[in-house]
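The values are calculated or read from the model by the stated rules, or taken from the named source; none is laboratory data. If you're wondering where the values come from, they're calculated on a predicted model, not measured in any experiment. Cβ placement follows ideal geometry from the backbone for every residue including glycine, while neighbour counts extend to all protein chains displayed. Just the protein is used for accessible areas: all its heavy atoms, side chains included, with ligands, DNA and RNA removed. Shrake-Rupley method; radii C 1.70, N 1.55, O 1.52, S 1.80 Å.
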Amino acid sequence: GNLYVAELYNHKIRKITSSGVVSTLAGTGSWGSADGDGLTATFGMPTGITIDANGNLYVAEYGNHKIRKITSSGVVSTIAGTGSTGATDGNGADASFNWPLMIAADANLNLYVTDFYNHKIRRITTAGFQISPQLPSGLSFNVLTGEISGTPTVATPSTTYTITAYNESGSASIPDWGSQRNT
């Protein structure tokens, strides 16, 4: 029943209750990029805001080229973006944006960001699995369960694969997952 507002020039995230009470959820009002407790964290031109199924808010931070997360307890952290303009895909701080503007969450805890000057819609996976490098033809990887299925259709050299698991607390990787367990 609450409404959340990203205040572009006041560098704050505001909360409006269903009874009309307005309060500051996060941001000091000064331009910055500090993570931490909501009232000590700083933002640089937050624009888009969304909420996920777990009650976490995500903010597209236009001025700092980052995506920030605010937990239900008010803790602010950076989940993606180097802070410099760019178009690099990758995990968390390895990814770069060029003026992220709006953000939306889906039921699978994916975030979709309009990366304004890159003319792209970018996806951020906040829960699930990724594999690197890509599997050979005939094999498929389930990003929700981390399971590999199918039969290779081409012969490929022996390869070490890294599977990274993501959840709202962060990520962890295990190289050569296939040799660690039998399926």
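Numerical summary
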item: Options Ile51, Ile16; residue that is under 14 Å from Ser72 (Cβ atoms) and either surrounded by fewer than 18 Cβ atoms within 10 Å (Cβ to Cβ) or at pLDDT 95 or above (or both); result: Ile51
item: Looking only at region 45-64, and only at residues there that are in a strand (DSSP E or B) and of a type in the set (A, V, I, L, M), the one that is nearest to Gly83 (Cα to Cα); result: Ala60
item: Candidates Thr24, Thr28 - the one that is assigned to a strand (DSSP E or B) and either over 24 Å from Asn110 (Cα atoms) or at pLDDT below 95 (or both); result: Thr24
item: Hey, Ala6 under 18 Å from Asn118 (Cα atoms), under 18 Å from the mean Cα position of the chain (by Cα), open to solvent by less than 60 Å² (accessible area, probe 1.4 Å) and among the small types (Gly, Ala, Ser) or not; result: no
item: From Gln130, Gln134, residue being without any contact (Cβ under 8 Å) to a residue 40 or more places away in the chain, out of contact with any Phe, Trp or Tyr (no Cβ under 7 Å at 6 or more places or on another chain), open to solvent by 30 Å² or more (accessible area, probe 1.4 Å) and in a strand (DSSP E or B); result: Gln130
item: His11, sole failed condition from (1) closer than 27 Å to Thr164 by Cα; (2) surrounded by 20 or more Cβ atoms within 10 Å (Cβ to Cβ); result: (1)
item: Looking only at region 137-159, and only at residues there that are open to solvent by less than 50 Å² (accessible area, probe 1.4 Å) and under 29 Å from Ala93 (Cβ atoms), the one that is farthest from the chain's Cα centre (by Cα); result: Phe141
item: Residue tally, condition farther than 14 Å from Met102 by Cβ and open to solvent by less than 10 Å² (accessible area, probe 1.4 Å), over region 35-48; result: 4
item: The one condition in (1) part of a loop (DSSP other than H, G, I, E, B); (2) in contact with a Gly (Cβ under 6 Å, 6 or more places away or on another chain); (3) under 18 Å from Leu25 (Cα atoms); (4) not acidic (Asp, Glu) that Ile67 fails to fulfil; result: (1)
